[in-house]
Amino acid sequence: MNGNIGAWGACGARNATPRVLAFGCGMTVRQFAKLPPDRQQAVHRAYLTLMLPPEPEPADNDAVALPGGRWSTEIKLRVGCWLNHIKSTLPHGHFGPWVEKQSGLSHKMALQCMALAREARQRAIEARAA
């Protein structure tokens with residue numbers, strides 16, 4: 001064993017949570033370990049609450065009525081542009097659940113519309129360059 005491991009390395013990597021919780025409370029690991037179990041659990045719950053991803057802010061254009069039935073290419077392009085914009089404003093991992101909440105829009109249709117909008121945008125960029 002190397003003598004220059006340091007205090008953190010000597011603890012091992014198998015259970016880093018007590019170290020993180022102790023450091024967050026301004027304590028050493030030993031001080032944190034002396035806390036009653038209910039206090040340790042309260043600190044752990046607070047830590048988990050703080051580490052949750054933030055709730056996405058509702059976008060200005062959340063309330064868009066999507067047409068029923070078959071969509072034309074023009075409607076798919078518009079919806080795709082709107083979805084690409086919404087996705088860019090939401091934190092990572094929040095777009096899928098957001099799509100599931102939209103009535104009249106399946107995840108598969110959302111992906112199709114977004115791909116169509118990206119392709120149309122790419123074609124427009126290439127046409128300008130030519």
Please work out the FRET efficiency for the pair Lys108 and Gln41, using the Cβ-Cβ distance as r and a Förster radius of 41 Å; give the result to the nearest 0.05. 0.45
Between Ile75 and Thr89, what length in nm is gained on full extension when 0.36 nm per residue of separation is reduced by their alpha carbon distance? 2.9 nm
Stokes-Einstein D for segment 73-129, Kirkwood Rh over Cα pairs, 37 °C, 0.692 mPa s (µm²/s): 278
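Each value in this text was obtained by applying a stated rule to the coordinates, not by laboratory testing. On a predicted model such as this, the values are computed, not experimentally measured, just so you know. For neighbour counting, all protein chains shown are included, and Cβ atoms are generated from backbone atoms with ideal geometry for every residue, glycine included.
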